[in-house]
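Inspection log for the structure reproduced underneath, given as structure tokens.
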Amino acid sequence: MRCALTLIVGLAALVPSHVCARGTVVSMPWFLVSRERDEQAIRALIDASTEAWNAGNASGYSAHFASDATFTGITGATSVGQKAFEAQQLELLASALRGSHLRQTVALVRFVARDAVVVDIDRELTGFATLPAGVKAGPDKVLRTRLQVVFVRNTNQWNQWSMVSYHEVDVKTPDSRT
């Protein structure tokens with residue numbers, strides 16, 4: 001009996017908690033966590049970032065950016081860390097990209113490990129006042145970009161993910177190169 005109890009207690013340590021939609025905390029063993037559920041969680045983070053951008057909320061847009069993550073923006077400028085990323089987004093949303101509308105379409109979700117996912121996202125931005133130097137929209141006044149984000153599973157929250165790398169490039173079309 002003592003061995004069985006020790007085994008149960010030992011296995012319980014491997015069971016991460018999961019918060020249901022109603023706020024109830026349930027346990028979910030790692031072997032029951034599926035890629036489908038993980039992909040749904042990641043897609044929900046991307047949807048939340050889209051909503052935050054469209055609301056002009058830099059803090060919400062940056063909410064799942066890791067404290068030590070790397071960022072390469074469309075102009076090639078780089079930074080490290082969530083605070084720097086949020087500051088850049090705040091500056092953009094308060095100036096040239098104020099009132100802009102972002103549409104993000106997930107093109108690929110690739111699990112490179114159980115706790116690491118690479119996501120390619122096609123993006124379209126409209127309604128901007130101006131664009132950064134060297135960045136041009138198409139003739140339809142839509143800025144098309146591709147974003148590659150690397151998410152890792154948070155070690156302290158099994159069902160939560162953080163962005164650790166964010167790399168965006170503009171899509172060059174013949175009409176947008178001039």
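No lab work stands behind these numbers, since they all come straight from the coordinates. Predicted, not measured: the structure shown is a model, and the values here were computed from it. We place every Cβ from the backbone using ideal geometry, glycine too, and count neighbours over all the protein chains shown.
Conditions tested, residue by residue: (1) within 10 Å of the chain's Cα centre (by Cα); (2) not polar (S, T, N, Q).
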residue: A116; (1), (2): no, yes
residue: L125; (1), (2): no, yes
residue: L131; (1), (2): no, yes
residue: P139; (1), (2): no, yes
residue: R144; (1), (2): no, yes
residue: F151; (1), (2): yes, yes
residue: N154; (1), (2): no, no
residue: E168; (1), (2): no, yes
residue: V171; (1), (2): no, yes
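Quick check: is even one residue across the range 91-110 in contact (Cβ under 8 Å) with a residue 60 or more places away in the chain and exposed (fewer than 13 other Cβ atoms within 10 Å of the Cβ)?
No, the conditions are met nowhere in the range 91-110.
Would the range 159-172 turn up any residue that is within 19 Å of N57 (Cα to Cα), of a type outside the set (S, T, Y) and touching a Phe, Trp or Tyr at 6+ places or on another chain (Cβ under 9 Å)?
yes
Out of the strands (runs of 3 or more DSSP E) lying entirely within the range 51-170, which hold 3 or more residues that are among the small types (G, A, S)?
By residue number, 65-72.
For the range 148-170, what are the residues that are surrounded by fewer than 18 Cβ atoms within 10 Å (Cβ to Cβ) and within 20 Å of Q89 (Cα to Cα)?
Result: Q148, V164, S165, H167, E168, V169.
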